[in-house]
Amino acid sequence: MSISIHVENLSKIYNERGEQSTVALDHVSFEISGSDIICIVGPVGCGKTTLLRILSGLDNKFEGIAEISNSNPNKDQIRTMVFQERALFYWMTALENVAFGLKCKGISKHERLAKASQLLETVGLTDKIRAYPDELSGGQKQRVALARAFAIEPDIICLDEPFGSQDYHTRCELQMWLLEMWNRRPNLTIFATHDLEEAVFLGRRVIVMKDKGHILQIEDLGHLVDRTQAFRSTPEFYDVKKHLWELLETETIICAKPDNNMSLS
């Protein structure tokens, strides 16, 4: 099933009582199709989280268009989101957390526990399946959150800086695991980060954003096929990272049209 996202003149304004309104997204337009890993990179406060919340279906109060369609009109899209703060159910074990979405889908207890156990083994947590969240380290909690998201085999998965609080070594391990899961079952993965290295390593395409969701450029990195740890030390990797850095440093909007129309088809 092919998924496509159509965003047109998307705007989001936060109105706080007694406070000045905050424009998070200002007439953003682009299109995404296929089953790629799309990284959204930009500074803190540029609108990445707001955009992800809208695309994941968590926020439906906005102006403009944010439509998701697929090649099978009789099948609903399964969307999920992974947050940086690892929103696990503290009263459930790691195994129960991963199996929760499968339970909601009506999967039998035996089948969902078997699948959850397999996923926890994949992320190196076989010995932690009976542990509760407060018994896990930060990196272990994030592995559980990711396993839970992938367990339901979503058509679209949105990840909001999920590795931002991890140390470098753990972050690299989690990135490799994400690629492994994506290679097993490619889906449309939208990954927000402010880490340029992470964006280059994971992204098949990278959306470079400035403030209020303004899109500076969309970079196609599909030709970078070697996504092993060794790729991080290649000249090609540093060249792309340097290019993204220069895009973020400039104040010149590369888009020719003021409404930032972009296509990722």
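The values are calculated or read from the model by the stated rules, or taken from the named source; none is laboratory data. From a predicted model like this one, the values you see are computed outputs, not experimental measurements. Methodologically, a virtual Cβ is constructed for each residue, glycine included, from the backbone with ideal geometry; neighbour enumeration extends over all protein chains shown.
Annotations for the structure displayed:
- Picking from residues in the stretch 11-37 that are hydroxyl-bearing (Ser, Thr, Tyr) and at pLDDT 90 or above, the one that is nearest to residue 50 (Cα to Cα) is 11.
- Of all residues making up the stretch 1-25, the number that are surrounded by fewer than 18 Cβ atoms within 10 Å (Cβ to Cβ) and closer than 21 Å to residue 248 by Cα: 1
- Screening the stretch 171-211 for residues that are at pLDDT 90 or above and among the basic types (Lys, Arg) and picking the one that is surrounded by the fewest Cβ atoms within 10 Å (Cβ to Cβ) gives 205.
- Checking residue 248 against (1) in contact with a Ser or Thr (Cβ under 6 Å, 6 or more places away or on another chain); (2) surrounded by 16 or more Cβ atoms within 10 Å (Cβ to Cβ), the condition it does not meet: (1)
- Filtered residues of the stretch 221-245 (kept if at pLDDT below 90 and either of a type in the set (Asp, Glu) or not assigned by TED's automatic domain parsing to the domain that holds residue 32 (or both)): 226
- Residue that is nearest to residue 170 (Cα to Cα), among those in the stretch 134-149 that are over 22 Å from the mean Cα position of the chain (by Cα) and surrounded by 12 or more Cβ atoms within 10 Å (Cβ to Cβ): 136
- Taken residue by residue, the stretch 116-130 has at least one member that is outside the structural domain of residue 33 (by TED's automatic domain parsing), farther than 23 Å from residue 179 by Cβ, surrounded by 13 or more Cβ atoms within 10 Å (Cβ to Cβ) and in contact (Cβ under 8 Å) with a residue 12 or more places away in the chain.
- Residue check for residue 117: within 18 Å of the chain's Cα centre (by Cα) and among the polar types (S, T, N, Q): no
- Of residues in the stretch 150-170 being assigned to a helix (DSSP H, G or I) and crowded, with 21+ Cβ neighbours inside 10 Å, the one farthest from the chain's Cα centre (by Cα): 151
- Checked against the criterion of being in contact with a Cys (Cβ under 7 Å, 6 or more places away or on another chain) and of a type in the set (S, T, N, Q), the candidates 193, 189, 170 yield just one match: 193.
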